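Engineer: Here's a structure for you.
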Amino acid sequence: MAFRVAGEDWDEVITYLRERELVTNVYLERQVPLQLAGGRGVRGVAYVVDRDHTQYAGSLDTLAAARIVHQAQGKSGPNDAYVFNTLAHLKEMGIRDHWLEDVVDEVERLRAA
């Protein structure tokens with residue numbers, strides 16, 4: 001999904017995104033080529049995980065991830081709210097993430113315990 005930003009709003013938007021996404025530098029800002037639905041190519045800004053960063057958790061199993069999510073709180077609020085919201089948005093877009101679904105299931109089990 002791509003969002004168009006008006007030229008006059010660029011500085012404000014990129015500042016906001018950098019403050020939100022680059023807090024711990026686990027993400028890297030990248031210029032990426034995009035192809036819009038109509039076929040037109042544009043360049044966009046994306047934030048991609050740095051797999052060498054100490055906070056990268058891509059190799060965690062679902063239970064370990066769920067335990068962290070269940071206990072963690074960040075600058076923007078509880079981590080479980082962020083994960084639940086992410087999964088809901090993915091579902092709205094028709095995207096399945098089985099691993100994340102399993103993490104959410106485990107977090108819900110931890111909440112109920």
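We did not get these values from a lab; they are worked out from the coordinates using the rules stated. Source: prediction; values computed, not measured. Glycine also receives a Cβ, built like all others from the backbone with ideal geometry; neighbour counts cover every protein chain displayed.
Engineer: For the chain, what does -39500 (n - 2.57) per DSSP helix run (n ≥ 4), summed and divided by total residues, give at 222 nm, in deg cm²/dmol to the nearest 500?
Structural biologist: -14000 deg cm²/dmol
Engineer: Here's something else I'd like to know. If you add up the charges near A113, with Lys and Arg at +1 and Asp and Glu at -1, over every other residue whose beta carbon is less than 12 angstrom from its beta carbon, what do you get?
Structural biologist: That sum, taken over residues with Cβ under 12 Å, equals +1.
Engineer: Where does the longest stretch of the chain lie that holds no chymotrypsin sites (Phe, Trp or Tyr not before Pro) found in a DSSP loop with 16 or fewer other Cβ atoms within 10 Å?
Structural biologist: The reported range is 57-113.
Engineer: If you don't mind, another one. Can you tell me how segment 1-52 classifies by the Cα gyration tensor, rounded, prolate or oblate, using a/c under 1.5 as the rounded cut?
Structural biologist: Cα axes put segment 1-52 in the oblate bin.
Engineer: I've got another one for you. Which trypsin sites (Lys or Arg not before Pro) in segment 16-113 pass both tests, a DSSP loop state and at most 13 other beta-carbon atoms within 10 Å?
Structural biologist: The qualifying sites are R40, R51, K75, R96.
Engineer: On to the next question. Obtain the nm distance between the two label points defined at Y47 and L22 by a simple spin-label model: each point lies 7 Å from its Cα along the Cα-to-C-beta direction.
Structural biologist: Computed distance between label sites Y47 and L22 equals 1.1 nm.
Engineer: Quick one, which of [x] 50, 30, 25; [y] 64, 25, 16; [z] 48, 36, 24 is the actual Cα extents along the principal axes in Å calculated for this model?
Structural biologist: It is the value labelled [x].
Engineer: Quick one: if the Förster radius is 35 Å, what FRET efficiency do R40 and W99 give, using the C-beta to C-beta distance and rounding to 0.05?
Structural biologist: Plugging the Cβ-Cβ distance into 1/(1 + (r/R0)^6) gives 0.60.
Engineer: For V45, what is the net charge nearby, where nearby means another residue's Cβ is under 10 Å from its Cβ and Lys, Arg count +1, Asp, Glu -1?
Structural biologist: Cβ neighbours under 10 Å give a net charge of +1.
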